[in-house]
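Input: a single structure, listed below in structure tokens.
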Amino acid sequence: MRFMITLERDEDGVWIAECPSIPGCISQGKTKDEALENIKEAIGLCLDVRAEKGLPLTIETKQVEVAV
């Protein structure tokens, strides 16, 4: 499966990775590469837990256009 993630650096320089289509699926790393590896593991674990609980594996996400 393929998932979109977000990556951002916090004020301490730590990389935060989040998978918006899986509620609560967030990880981090000291480097961007570490954060990417960690979010991959977190996604797998989140999917396992959601399946065990009978929850939908993902929620719907969409892109919208906003005039700025």
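Readers should treat all values here as calculations from the given coordinates under stated rules, not as data from a laboratory. Everything quoted here is computed from the prediction, not taken from an experiment. No Cβ is skipped: glycine too gets one built from the backbone with ideal geometry, and neighbour counts run over all protein chains shown.
Applying the selection to region 1-29, what residues are over 22 Å from GLU60 (Cα atoms) and touching a Gly at 6+ places or on another chain (Cβ under 8 Å)? Matches in region 1-29: VAL14, TRP15. Could you list, ordered by first residue, the pairs with Cβ atoms under 8 Å in which the first is in region 42-62 and without any contact (Cβ under 8 Å) to a residue 40 or more places away in the chain and over 17 Å from ALA17 (Cα atoms) and the second is of a type in the set (Gly, Ala, Ser) and assigned to a loop (DSSP other than H, G, I, E, B), at least 6 apart or interchain? Cβ pairs passing all conditions: ILE59/SER21; GLU60/SER21. The set of residues from region 30-42 being more than 22 Å from LEU57 (Cβ to Cβ) and loosely packed, with under 15 Cβ neighbours inside 10 Å comprises LYS30, THR31, LYS32, ASP33.
Every residue, every condition in (1) surrounded by 15 or more Cβ atoms within 10 Å (Cβ to Cβ); (2) farther than 28 Å from ASP12 by Cβ, yes or no:
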position: PRO23; (1), (2): no, no
position: SER27; (1), (2): yes, no
position: GLY44; (1), (2): no, no
position: ASP48; (1), (2): no, yes
position: GLU65; (1), (2): no, yes
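All conditions but one from (1) within 14 Å of the chain's Cα centre (by Cα); (2) over 14 Å from PHE3 (Cβ atoms); (3) exposed (fewer than 15 other Cβ atoms within 10 Å of the Cβ) apply to THR61; the one that does not is (2).
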